[in-house]
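Peer 1: Take a look at the following structure, please.
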Amino acid sequence: METKLRKIHQIEDCQEVIEEAAELIRQGEVVAFPTETVYGLGGNGLREDAAKKIYQAKGRPSDNPLILHISRMDMLKDLVSEVPRTARKAMEYFWPGPLTVILRKSEQVPECITGGLDTVAIRMPADEVARELIECAKVPIAAPSANTSGRPSPTKAEHVMDDLNGKIPLILDGGAVKVGVESTIVDFTEEPPVILRPGRITKEEMERVIGEKTVMNTSLKADDGGVPRAPGMKYKHYAPKAQMTIVLGQDQQAVVSKINELTEQEHSRGGKVGVLAADETAGDYEADEVLSVGRRADMETVMANLYDVLREFDDKAVDVIYSEGFEEESLGEAVMNRLVKAAGHRMIRI
Ligand code: TXA
Ligand code: MG
């Protein structure tokens, strides 16, 4: 299959392209499109054949449920059977935006979308191309991140092309995304609400807006000692091709020394070394490829650059990657969540 790449500069001038994409979706085809978090691979959220095509293109296990994307609040009522007060507050405040809510599903939502669960994930993206596409398609759009399963999520149309060229008919290119990591997922069927995946919206912001405590239950951290509840968490994620290890320590200069020591060892074995660093220390390494994700003081930029840098290491064909760590608070929570997964939980504490 030929994969067409269509650039969208001004949304007003691109009605034809969006209409073409919407028509494909109505017909049960899949299309990649930008959202503010990462690029999504969208299909008609009410059709089983579309869900199958999504799973197939990504190479994703079909028991891993999909997020339904909506463009207007009145699309919600057909998809869910119950909206708790806390969820209502969160949606009113954060939508459109990088928040996915888990609610009890209605009869209308097919089982293949929810992986057999009686709950459904819903999000109203802020990106105007995404919203216009949903508006034109006139159906909720089921969309996982538009990467091959196991690779970092795409933050540029080129990333989607790298992974899915020849497997899908169309990619809408809206340029680089703003946020750079996937939406914050909150399960509102539980009391207190459970954060299943940290993102641009932090635990503190969420608690302030809903006026209640939440618990964090990702595959990495479980405040309540439970098992991971977003089915996607059990799969290997965000992996660069080279083995990655995170080196953690309070003293950033000690981290630099340790990584330089590890680099020397790898060099003596003839290996090529990549280092993922922040701007503050990027100049201090002796590795072959040092890539910075931005200044520590500017975690929004770090978040936006993270997946692009992980993919760049693949192009540089390094054998191992050593990464600096980030403080696990506020936006650092989401950054570390993705980094630790990319490293397959390999960490050295000094
Ligand atoms: O920012 C995002 O959320 C992006 C863009 C494209 O919107 N989408 C995205 O989708 O990250 P995906 O499929 O890569 O991740 C969805 C996650 C998976 O971990 C899945 O297991 C979880 O949401 N999920 C979906 N439905 C669920 C449900 N009913 N209960 C618990 N977790 C659910
Ligand atoms: Mg994904």
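Peer 1: Among the residues of segment 68-77, are any in contact (Cβ under 8 Å) with a residue 12 or more places away in the chain, closer than 25 Å to Y238 by Cβ, within 15 Å of ligand 1 (Cβ to nearest atom) and hydrophobic (A, V, I, L, M, F, W, C)?
Peer 2: Scanning segment 68-77, I find at least one residue that is in contact (Cβ under 8 Å) with a residue 12 or more places away in the chain, closer than 25 Å to Y238 by Cβ, within 15 Å of ligand 1 (Cβ to nearest atom) and hydrophobic (A, V, I, L, M, F, W, C), so the answer is yes.
Peer 1: Consider only pairs whose beta carbons are under 7 Å apart and that are at least six residues apart or on different chains; among these, list those whose first residue lies in segment 285-305 and is without any contact (Cβ under 8 Å) to a residue 40 or more places away in the chain and farther than 18 Å from P98 by Cβ and whose second residue is surrounded by fewer than 20 Cβ atoms within 10 Å (Cβ to Cβ) and of a type in the set (S, T, Y).
Peer 2: Listed by first residue and then by second, the contacts come to G294/T301; R295/T301.
Peer 1: Sticking with this structure for a sec: Going by the conditions given, is V120 surrounded by 15 or more Cβ atoms within 10 Å (Cβ to Cβ), in contact with a Phe, Trp or Tyr (Cβ under 7 Å, 6 or more places away or on another chain) and part of a strand (DSSP E or B)?
Peer 2: No: the conditions fail for V120.
Peer 1: Taking segment 107-153 on its own, how many of its residues are on the phi > 0 side of the Ramachandran plot and away from ligand 2 (no atom under 13 Å from the Cβ)?
Peer 2: 3
Peer 1: Filter segment 168-196 for residues that are out of contact with any strand residue (DSSP E or B) (no Cβ under 7 Å at 6 or more places or on another chain), closer than 28 Å to T214 by Cα and either more than 12 Å from ligand 1 (Cβ to nearest atom) or hydroxyl-bearing (S, T, Y) (or both) and give the result.
Peer 2: E191, the sole residue that qualifies.
Peer 1: Restricting to segment 163-191, count the residues that are touching a Ser or Thr at 6+ places or on another chain (Cβ under 9 Å) and of a type in the set (D, E).
Peer 2: Residues meeting the conditions: 4.
The rows are residues; the columns are (1) within 19 Å of K156 (Cα to Cα); (2) in contact with a Gly (Cβ under 6 Å, 6 or more places away or on another chain); (3) modelled with pLDDT of 95 or more.
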residue	(1), (2), (3)
R6	yes, no, yes
I11	yes, no, no
E20	no, no, yes
K77	no, no, yes
V80	no, no, yes
T86	no, no, yes
E92	no, no, yes
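Peer 1: Scan segment 18-36 for residues that are surrounded by 21 or more Cβ atoms within 10 Å (Cβ to Cβ) and assigned to a loop (DSSP other than H, G, I, E, B) and jot them down.
Peer 2: Answer for segment 18-36, where residues must be surrounded by 21 or more Cβ atoms within 10 Å (Cβ to Cβ) and assigned to a loop (DSSP other than H, G, I, E, B): V30, P34, T35.
Table: residues versus (1) within 16 Å of ligand 2 (Cβ to nearest atom); (2) part of a loop (DSSP other than H, G, I, E, B); (3) modelled with pLDDT of 95 or more; (4) among the hydrophobic types (A, V, I, L, M, F, W, C).
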site	(1), (2), (3), (4)
T155	yes, yes, yes, no
H159	yes, no, yes, no
G166	no, yes, yes, no
A176	no, yes, yes, yes
V186	no, no, yes, yes
T189	no, yes, yes, no
L196	yes, no, yes, yes
E212	no, yes, yes, no
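Peer 1: Is it true that P96 is within 13 Å of ligand 1 (Cβ to nearest atom) and without any contact (Cβ under 8 Å) to a residue 40 or more places away in the chain?
Peer 2: yes
Peer 1: Do we have A50 as assigned to a helix (DSSP H, G or I), closer than 16 Å to P110 by Cβ and among the small types (G, A, S) here?
Peer 2: yes
Peer 1: Kindly indicate whether R208 is free of Cβ contacts under 8 Å to residues at least 12 places away in the same chain and either within 20 Å of the chain's Cα centre (by Cα) or away from ligand 2 (no atom under 13 Å from the Cβ) (or both).
Peer 2: So R208 passes the test.
The values are calculated or read from the model by the stated rules, or taken from the named source; none is laboratory data. Fair warning: this is a prediction, and the values are worked out from it, not measured in the lab. Because the Cβ atoms are built from the backbone with ideal geometry, glycine has one as well, and the counts that use them run over all protein chains shown.
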